[in-house]
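In what follows, a single structure is set out as structure tokens and then discussed.
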Amino acid sequence: MRRTIFSFLTGIIMLVFGGVWALAQDCAPAVDAIWTAASDACIKETVGYICNGGAPPQVEPVGPVSHALNPIGALVDVSVVTSLRTSPIAVENSNGGLIWLRPAAPIRYTGLMVGDVNLVNNTFVDYPAWQSVVVQTSEQLPSCGIAPRSAYVVQTPFGQPTNIAINGVSVGLNGTLMVQTSGTQTIFAALSGQTSLYSGGQEQVMRPGQQSAVSYNAPDFATPISSPSFPALLDETMVQNFPVALLDRPITLPQPGYVTTDGAVNLRVAPNTDAGVIIQVPAGQVLSVLGRDETSQWYHVRLDSGETGWMFAQLLIQNVGNIQAVYSATPLPPQRYGTLGRAGKVIAPAGVNLRQAPDIAFALITTVPNDAIVTLLARSPYSPWVKVDFNSIVGWVALVALETNAVIEALPIDYNVPPLPEPTRVPGSFGNAFPDPNLPSN
């Protein structure tokens, strides 16, 4: 009898989990289609503009401005919009709210609204538009299991810090920050780089993989009533399934917490002591954790400079949570959705030479004309060249001659290319002697 009941309950559990898994698989193409359409429309440098990548948003002021932002790919000057409201990700309709906000200098950043997000320009007169914002995100979970929670993500150009205000909190940002509201709190989650939060006369500095909360008298998220909480480990559910390839600078999401070098530690290309050393990191350096190997003896880490590699765990002071990203081979960085991750356009007026290997020393195959579209296949292990397919002709071109939205670091490295040829030796160099013209020749 007990065995029968146990079997029945096991069958019910498997049926439920099987249904959830099937639902996630069924909605995966719709979610990918939403991200791809948004990428095709808005992944480009449109500084000073708002770009709509999804369903028509609610916009203030109502009228010509709001109507202008309805189509996917529509661009409107940031200075003429006062508020935006995007809709939930709706896989059944193959659309959802996706807005890119890119203010111009002196506050260069990109704000990405994903899902049900309300964003209001709260900047004082005579200050740059969108330097201060009030944001509120829906707490409702998406119907599709592989869709992300609603969120507002702010990212600065690499190496260009900025100071902005979010929900009354002064934010110093040089990297990537996710913002969500829950109940009476705003939760700030550091995803890359460096973040400082200042409110109530106190400052908190966060590392990637940490989060901090500030309290409010909801629904007023403009005026905080607390200082930022002491940074806690990142709640993975905040960032789960977030489409990082939609960011201007796609990043690998950090795992909860961080590590610190206890002494000088080698950063290696693979999780073993025989792997090549990228650099030696001095003691006291704090690093983001991106994942671990299957034995938990090695951590895949990222420096503030953006450089990534592997470190032996026993040489690190660990302040980490549950690391769910487990792999034995170093994964590639996130690549763009759709054709943006594979296409390049020739921007050389006289065309670009397609060669047999990645250097001008190798034989010429053909010349690819200006404005031609090529398919990106791989990158060189030793030069800024990429392997491409042009009308079924495969060869190598210099990256400088291409315009592309692809993440070059996410292309696989082709290690099968021949090494660079030895330079031709000049007579009299490398120990060779010039012939003496006064001596008879043989």
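Here are the numbers:
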{"item": "Cα-projected label distance for THR184 with GLN318, points at 7 Å along beta-carbon direction, nm", "result": "3.8 nm"}
{"item": "Residue-span extension gain [VAL269 to LEU303] - 0.36 nm each, minus C-alpha spacing", "result": "10.9 nm"}
{"item": "Angle in degrees between helix 2-42 and the longest Cα principal axis of the chain, rounded to the nearest 10", "result": "70 degrees"}
{"item": "Inter-part distance where segment 253-300 and segment 82-109 are each reduced to a Cα centre, Å", "result": "35 Å"}
{"item": "Cut-off under 5 Å, modelled amide H: who pairs with ILE43 long-range", "result": "none"}
{"item": "Charge context of ILE34, other residues only, Cβ under 12 angstrom, K/R +1, D/E -1", "result": "-3"}
{"item": "Helical contribution to [θ] at 222 nm, DSSP H n ≥ 4, -39,500 (n - 2.57), averaged over the chain, rounded to 500", "result": "-4000 deg cm²/dmol"}
{"item": "Length gained when the stretch THR366-PHE124 is fully extended (0.36 nm per residue, less Cα-Cα span)", "result": "81.3 nm"}
{"item": "Relative contact order computed over the chain (Cα-Cα under 8 Å; 6+ residues apart), in percent", "result": "8 percent"}
{"item": "Burial ranking of peptide ranges 35-44, 381-390 (average Cβ count within 10 Å, highest at the top)", "result": "35-44, 381-390"}
{"item": "Segment 257-320: C-alpha gyration tensor shape, a/c 1.5 cut-off, then a/b vs b/c", "result": "rounded"}
{"item": "Phi-based couplings in Hz for segment 334-340 (Karplus 6.51, -1.76, 1.60; Gly and Pro marked x)", "result": "x, 10, 4, 7, x, 6, 4"}
{"item": "Cα-centred dipole magnitude for segment 101-238, charges only on beta-carbon of K, R (+1) and D, E (-1), debye, nearest 20", "result": "300 debye"}
{"item": "Contour minus Cα-Cα distance for ALA105 and SER170 (0.36 nm per residue)", "result": "21.6 nm"}
{"item": "Efficiency of FRET from Cβ geometry, ILE225 and ASP32, R₀ 35 Å, rounded to 0.05", "result": "0.25"}
{"item": "FRET efficiency estimate (nearest 0.05) - Cβ-Cβ, ILE413 to LEU141, R0 56 angstrom", "result": "0.90"}
{"item": "Relative contact order computed over segment 287-343 (Cα-Cα under 8 Å; 6+ residues apart), in percent", "result": "31 percent"}
{"item": "Residues with amide H under 5 Å from that of SER132, placed H, sequence gap 5 or more", "result": "ASN122, THR123, ALA165"}
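Read-outs throughout are calculated quantities, based only on the coordinates presented, and are distinct from any laboratory measurement. Everything numeric in this text was worked out from a predicted model, so none of it was measured. All Cβ positions, glycine included, derive from the backbone under ideal geometry; neighbour counts span all protein chains shown.
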